[in-house]
Amino acid sequence: MFAKGTGDGCGAIAPPSGSPPRVRFVRLLNEAHVTRPDEVVLQLLERHMPAAMLAVFDADAARDLYDRGKQLPGTPTRILVHDATGVTLNAPVLGPGGEPVLNVLSGTSRCGQPLVAKLLYDPASMAAEMQLCSALQLAPWDDPSAHPYFMARASVVGVQVDPDDRSGMAVARRHGALTALLMQRHPVCLAELPQLSGEVIARGARQLLCALTFLHAAHGAGESSWVHMDIKAANVLVSSSGDWLLSDFGSAVRDGGTVRTCTVEYLPPPKDQPNQSTPTVACKAYDFDMLLVLLNIEARKSGWKMALFEAGRRRVNRARLEAATDSLLQSTAFAESPTELREDFAERVRYIRAHSTLTHDKQAANAGHDD
Ligand SMILES: Nc1ncnc2c1ncn2[C@@H]1O[C@H](COP(=O)(O)OP(=O)(O)OP(=O)(O)O)[C@@H](O)[C@H]1O
Ligand SMILES: [Mg+2]
């Protein structure tokens, strides 16, 4: 066994020992110049992510997994969370592509209900997600009735991790306030599903539009409305009854506020700023853009990049998005859909488009308002 190391990659190489997967993993880490890996991190990875440890095949991937493992809460933190909330934290959930999502842990409630705990580290994002959950009354997470507006329910819980306890959160920077969002554990996110039928996509579109309308309504006197700013299939959870629930409010800001993060890949740059890297002012029209992109992707799950990206670029192109939206109903997903469903869906798509920057490009680029 190693002595507890600094994890900073300095010092002499200790001979790896322990189980074969650990020995192999530590050898790869040594090749990546992490010569004294932190024992706490190694134990956490072994306990909670053994498959990921085995799946690592080169030194860079080992270092990457080790660095990500530093974010896992250690045993003292898990005990603290359990004592304060009754929640047992387990391993990270698997996100799109089967990749473990380090900040989203599966767990169980005091009464044995399966849940997900999203750990919030970044103070700005933490504040936004917390504010939004209380402003929109998404809590309590375990309310058995579905949220009427197809939003993923979440309740905020917090504990204070003792700064003297180095192993509490595996690394020093994780000390202090730890906030988590508790949520129902849903079977999948939309990004994990294969090509769906037109009927399912049309139903989901209705639900996401309902969620956006709710989110975009002003909540609280004198407050501007919220803007999601990261609508994409990985942020839509699919419930056991097949409902599409809008989730991940980590990028949400008030309308007209400064954009913190968003997935630029899915956002066509404004007409007058074709090289814009990231939008700076949040506005509702961006949410409609991203919803339009999401629906185009769902309608052509295997060929969407060809349809939406310019050759050699990795960002949705405005002209291509317009053309793809025009021919959305010609995609194979809708080939067998009855006329009534097609008409209903087409009307909804027209509405989304009318509220997107495809129609309101100028306003979005300049003022941050779409109406
Ligand atoms: N309640 C849940 N039930 C099941 N899986 C979930 C749940 N919440 C999140 N996930 C999974 O974890 C992934 C990441 O969650 P989320 O998008 O909230 O966090 P994130 O780390 O902020 O992601 P991003 O990088 O998109 O900002 C989701 O795409 C989904 O696969
Ligand atoms: Mg997300």
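Just so you know, in region 91-116 the residues that are among the aliphatic types (A, V, I, L, M) and in contact with a helix residue (DSSP H, G or I) (Cβ under 8 Å, 6 or more places away or on another chain) include one that is surrounded by the fewest Cβ atoms within 10 Å (Cβ to Cβ), and it is Ala91. Look at region 100-123: where a residue is in the same structural domain as Leu44 (by TED's automatic domain parsing), no partner that is more than 9 Å from ligand 1 (Cβ to nearest atom) and at pLDDT 95 or above sits 6+ places away or on another chain with Cβ atoms under 6 Å.
For region 79-113, a residue qualifies if it is near ligand 1 (Cβ under 9 Å from one of its atoms) and either closer than 18 Å to Ser155 by Cβ or part of a helix (DSSP H, G or I) (or both), and the qualifying residues are Val93, Pro96, Asn103, Val104, Ser106. Being within 26 Å of the chain's Cα centre (by Cα), in a helix (DSSP H, G or I) and not assigned by TED's automatic domain parsing to the domain that holds Pro100 is true of Leu44. Scanning region 266-288 for residues that are charged (D, E, K, R) and more than 23 Å from Leu208 (Cβ to Cβ) returns Lys271, Asp272.
Counting only helices (runs of 4 or more DSSP H) wholly contained in region 225-331, the ones carrying 3 or more residues that are surrounded by fewer than 17 Cβ atoms within 10 Å (Cβ to Cβ) occupy 318-326.
The values are calculated or read from the model by the stated rules, or taken from the named source; none is laboratory data. None of these values were measured; they are calculated from a predicted model. Glycine gets a Cβ as well: all are built from the backbone with ideal geometry, and neighbour counts include every protein chain shown.
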